[in-house]
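Since the structure comes first, as structure tokens, the remarks are kept for the end.
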Amino acid sequence: MNLKNIYFSCLIYWGKMKGLLNGIAEAIILLASLASFFVLIYQFGFVQTPDSVHILERSRPFILLAFFTGITLRYVVRFQEIIQEKMLYLDISIYFLLFAVLSSKIFFKDAIAHSLPYLSFLTKPLFVYVLLLLLSTIHLSRQTFTLMQTRIKPSLLFLLSFVFVILVGAGLLSLPNATTHRIPFIDALFISTTSVCVTGLTTVDVATSFTHIGHIIIMILIQIGGIGVMTFTSFFALSFMGKSSFTSKMMLKDMLNEDRTGGLFRVILNILFVTLFIEGIGAYFIYMDVRGSLPGGTQQELFYAMFHAVSAFCNAGISTLSGNMYDPLVADKYNLHFWIAMLIIFGGLGFPIVFNYLKLLHHLLMNGIKILIGKQKHYIHTPRIINVHTYIVVISTLILLITGTAFYLFFEYDNTLGDLPLRGKLANAFLGAVTPRTAGFNVADMATLAPPTLMLTLILMVIGAAPMSTGGGLKVTTVFVALVTTLNAAREKDKVEVRKREIAPFAIRRAFAIIMMYFMWVAIATWVLSYTEKGAPLFSLLFEVVSALSTVGLSIDYTPHLTPIGKIIIISTMLVGRIGVLAFLVSFCKEYTKKDYTYPQENILM
């Protein structure tokens, strides 16, 4: 056998070995990730005994060693792919940090305790748990992302991702340390669903039924559900993976509503940055308003600010106070009501709107700088940056906010707003008009509102927020296109035109399909509830279904009284509302193959 044959034989053998070693590495990392989550859940979810503390302490080094072994093997067999990661330096830093923690716990424990006390944080349990959580999240995200390279339909994968997180959340909320008293699993499932689907309907009092750990779990579920499960997963996966497949890129393109497959990671990064930035600003203003007024001191006030900033921006409407926004502790804090309303509005506008205006701001700043330094002459023009989608969303939102506030103030002026000062009337009317557009914060007991106000709330809930936002409902663009198309039909005009642009026929068909599916689900769900919820007022059931399907969270005090079957119906409705009624239908329908022929047309009576 000559050297050439030996060389090719070695290459073939190494290729097979690489595949085997890669499979072993991925298996070790997967087992270590699952073991990490088990240890974390047991550590923080159950009351610890001396024996359990000892077992957990002994298990941590073995899990760290498993991670180190699996990641090292992965580096050896997939080096060419790893060096193409977008966050290569961060990945390497985490790897060396893992090595440092592992060494400090096994080889240099005594040396650190005596000679290097400033490195003692490496052996602290909390630091180790944070590292395990980070490693598990990164590598499980990578494993999940590989599913996007299979033949699973994107809409079905999107649905399954929400179902998976809801079930995990229900399990976490059922842990002994998460609740002040044991609650039925159906209630834990309901609260998990309402958090992930950013709805806000609750069958138990969140403030008194859950501990501080439970509230943290709910806040994390709201954050994941508001931004999107696949957005979080894709961020970690794309950060710590090399090249992704064309299939996964196309799926992400559709999920993020992008025109191109290039720059998807930057879009996801921008979404996360904008979310955390707005929530951070909102949390600061909320804290400044509640400072010194809540029981529990500064720590409780800071958590209240963080929780409500996340809940408001993600349009969840869940509060850690039993009375929500009309709780005596915050009922007269009208600045707080205003900041909550603004967070809801920003969350309901949608990320494309924010990015569109940031693009316009960047354009104006760059033009201004060029004019100042003499590289460009001053000229007056209207840049075509604000697209039709942004125009429709912003104009519709302003109309709904102004008219909603005016009508709420008019109908409730002598009712729930009667005893408030003018500033309080305006603040509560503003929040009362904002919150039905899928947030669910209560400025008053819904049962005390006047009938016209309840109908106004119902209409606003149906309309909802903007597409690609944290809100639900039919969406303002869907309603706008349907109204303009209806007006055109009355005028016998064929084309739907907005700002010198024609709306695509596909978008018009989609709008009417969404409306049809939405009201069909409302009708069927209300009909079934009218049978399962004996003696319940029909309007209360209709209000409950619309609130769930539009992921609003407002209720005429009926959610806690739902039967187990009624809870399952509302859980299903919240899930369908979060992913979209049409997307839910598409998940289970076979894709249509376009034909190259057409049949003769024939009119039917309308």
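The values are calculated or read from the model by the stated rules, or taken from the named source; none is laboratory data. Computed from a predicted structure; not experimentally measured. All Cβ positions, glycine included, derive from the backbone under ideal geometry; neighbour counts span all protein chains shown. These area figures cover heavy atoms from the full protein model, side chains too; ligands, DNA and RNA do not enter into them. Shrake-Rupley method; radii C 1.70, N 1.55, O 1.52, S 1.80 Å.
Annotations for the structure displayed:
- Enumeration of residues in segment 385-430 that are of a type in the set (D, E, K, R), open to solvent by 20 Å² or more (accessible area, probe 1.4 Å) and touching a residue at least 40 places away in the same chain (Cβ under 8 Å): R423
- Of all the numbered requirements in (1) surrounded by 14 or more Cβ atoms within 10 Å (Cβ to Cβ); (2) under 30 Å from G225 (Cα atoms); (3) free of Cβ contacts under 8 Å to residues at least 40 places away in the same chain, R509 misses one, and that requirement is (1).
- Qualifying residue in segment 449-466 (condition: of a type in the set (S, T, Y) and open to solvent by 10 Å² or more (accessible area, probe 1.4 Å)): no
- Subset of segment 19-69 (residues that are open to solvent by less than 50 Å² (accessible area, probe 1.4 Å), of a type in the set (S, T, Y) and closer than 21 Å to P176 by Cβ): S36, S52, S59
- Restricting attention to segment 283-333, the residues that are outside any helix (DSSP H, G or I), buried (at least 18 other Cβ atoms within 10 Å of the Cβ) and touching a residue at least 60 places away in the same chain (Cβ under 8 Å) add up to 8.
- Filtered by the rule that a residue be outside any helix (DSSP H, G or I) and surrounded by 20 or more Cβ atoms within 10 Å (Cβ to Cβ), segment 180-199 gives C197, V198, T199.
- T478 being over 29 Å from T416 (Cα atoms) and buried (at least 18 other Cβ atoms within 10 Å of the Cβ): yes
- Where a residue in segment 493-504 is without any contact (Cβ under 8 Å) to a residue 12 or more places away in the chain and its partner, wherever it lies, is assigned to a loop (DSSP other than H, G, I, E, B) and open to solvent by less than 50 Å² (accessible area, probe 1.4 Å), with Cβ under 7 Å and at least six apart: E502/V496
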